[in-house]
1. Run through segment 275-355 and list the GluC sites (Glu not before Pro) located in a DSSP loop whose Cβ has at most 14 other Cβ atoms within 10 Å.
2. Using a 1.4 Å probe and ignoring any ligands, DNA or RNA, find the accessible area of Arg165 and quote it in Å² to the nearest 10.
3. Keeping every protein chain in place, order Thr147, Thr224, Thr285 by accessible area at 1.4 Å, biggest value first, i.e. largest first.
4. Among rounded, prolate and oblate, which fits segment 153-261 when a ≥ b ≥ c are the square roots of the eigenvalues of its C-alpha gyration tensor, a/c under 1.5 means rounded, and a/b larger than b/c means prolate?
5. Over 18 Å between Cα atoms: which of Lys402/Lys430; Lys402/Lys449; Lys430/Lys465; Lys277/Lys332 fall into that group?
6. Using helices alone, I'd like the mean residue ellipticity at 222 nm for the chain: each DSSP H run of four-plus residues gives -39500 (n - 2.57), total over residue count, nearest 500.
7. Just list whichever of Lys129/Lys221; Lys254/Lys300; Lys71/Lys223 have alpha carbons separated by over 18 Å in the model shown.
8. Shape of segment 273-324 from its Cα gyration tensor (a ≥ b ≥ c, root eigenvalues): rounded if a/c is under 1.5, otherwise prolate when a/b > b/c, or oblate?
Amino acid sequence: MTNFKIKLIAVASLLIVAVMQTSASIKKEKSIKPNFIVIFADDLGYGDIGVYGHPTIKTPNLDRMAFEGQKWTNFYAASSVCSPSRAALLTGRLPIRTGITGVLFPNSNAGLPQSEISVAKVLKDNGYKTAAIGKWHLGHKSPFLPTDHGFDSYYGIPYSNDMNREEEIEGKDWIDGQIILAEKEKYSAYKLPLLRNQQVIEMPVDQRTITQRYTEEAVAKIKTMKDSHFFIYLAHSLPHIPLFRSQKFKHVSKAGIYGDVVEEIDWSVGQILNTLKEEGLDENTLVIFTSDNGPWQTFKTHSGSAGLLQGAKGGTFEGGFRVPAIFSWPGKIKPGVVMQMGTTMDLMPTICDLSGSKLPKDRIYDGFDISNVLLKNGESLREDFFYYRGDQVYAVRKGAYKAHFITRLDMNNIRTSLFVSDPEIEIGKKPTVLETPLLYNLNADPSEKYNIAKEHPEIIAEIRKLLKDHESSINKAIFKKEKELQD
Ligand code: MG
């Protein structure tokens with residue numbers, strides 16, 4: 001054998017050993033599967049947490065979670081109302097792809113179609129134990145319940161906590177935009193079921209203790225599932241109106257009843273983080289805290305704040321869609337403030353990657369894997385975001401720029417105090433298609449106050465093309481089919 005051949009064989013052997021070692025270390029890395037806990041608040045605004053700038057609501061647990069982990073400042077819910085936002089978080093897909101484009105009600109026969117694959121289902125197929133706790137709002141009858149969508153167990157109120165209200169009190173429970181029933185603690189006015197898996201175990205549910213009970217359930221689940229890998233989806237029913245809090249949190253906040261409720265949710269976060277630490281699970285658990293949409297400002301001081309952002313729940317200005325998002329994973333996450341764009345739809349591909357689970361290949365995903373940002377402070381792949389209202393795109397963000405193609409007031413035709421004051425800009429009760437879209441630079445003007453459309457027709461043209469390409473990617477036939485299934 002020539003010297004050259006011997007050298008070649010030696011080099012090849014070294015390469016094979018190196019490849020084997022690398023794949024063994026990747027395998028080992030993947031075999032240490034992390035746990036995941038997603039805590040999803042309801043109608044909590046961008047400005048409602050201490051670390052996001054609220055001056056009088058105390059949130060020490062969330063603040064600490066943000067300082068030790070990552071706080072994202074350009075993170076979006078996929079919709080500015082409840083059901084579509086939840087469908088998108090759990091599937092990684094835009095509401096228009098799943099057919100859940102509007103809010104479901106107690107008389108709806110619809111729900112998240114069986115053809116949709118939730119993150120819980122993917123994790124369960126990969127050996128995870130899974131639990132859903134709290135508000136579901138993706139269909140309250142089988143086969144649409146959490147236990148039909150990959151969750152081993154469910155404990156919670158299956159839709160919004162203001163639904164099934166007694167008829168005789170209809171119209172008498174608002175005074176100047178406040179829900180007085182909450183102040184009177186009349187939880188019994190809302191005929192809401194509490195479900196354990198698929199069985200009603202309490203009716204009407206006592207909402208005064210609901211945050212406390214969801215928390216106890218989450219803590220118990222951590223303890224009972226700790227010997228396996230687990231995923232807990234804790235979707236709080238609050239601070240959606242009507243507001244209720246337990247005895248311990250009455251009149252504790254300078255911000256009134258809304259502050260009390262948020263401070264109880266912050267306590268809940270603390271209980272979960274403490275339990276993970278006590279059980280030695282904190283360094284192997286990614287905890288994510290975010291909200292399903294912006295504040296429902298119809299209810300004045302019973303609702304939250306979008307901080308410096310314009311708009312609120314139901315609308316397509318930033319306050320409706322941009323939400324707090326905090327990621328915690330001690331020892332793994334690169335702490336800091338992330339100003340790149342992210343969405344709740346990114347959680348599905350990210351969790352799949354971190355757990356070594358397979359993202360189904362037979363469908364379009366609208367989320368990106370952001371594990372590179374979480375673990376290495378790398379670049380987010382997301383460059384754009386589409387603001388849907390129902391099945392229509394009203395606005396599009398590309399990089400720093402956002403163009404509004406259609407305008408309409410927020411939910412219940414609310415005009416927030418920050419709403420554009422430019423007399424040339426028409427924002428009414430009905431959708432208005434603008435001949436020249438509004439254009440804002442969100443980095444320089446996060447409150448969307450200074451329309452720069454006239455100065456930058458080329459940016460509008462670019463965003464218009466992006467919108468056209470996006471719309472052609474939406475398979476309307478699938479959407480139509482799903483709608484038929486639901487009706
Ligand atoms: Mg909501």
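1. Glu279
2. 60
3. So the residues, ranked largest to smallest area, are Thr224, Thr147, Thr285.
4. On the way: a/c = 2.82, a/b = 1.57, b/c = 1.79.
In terms of gyration-tensor shape, oblate.
5. The answer is Lys402/Lys430; Lys430/Lys465.
6. -9500 deg cm²/dmol
7. Correct reply: Lys71/Lys223.
8. prolate
The values are calculated or read from the model by the stated rules, or taken from the named source; none is laboratory data. Note that the structure is a prediction, hence the values are computed from the model and not measured. No Cβ is skipped: glycine too gets one built from the backbone with ideal geometry, and neighbour counts run over all protein chains shown. All accessible areas refer to the heavy atoms of the entire protein, side chains included, with ligands and DNA or RNA removed. Shrake-Rupley method; radii C 1.70, N 1.55, O 1.52, S 1.80 Å.
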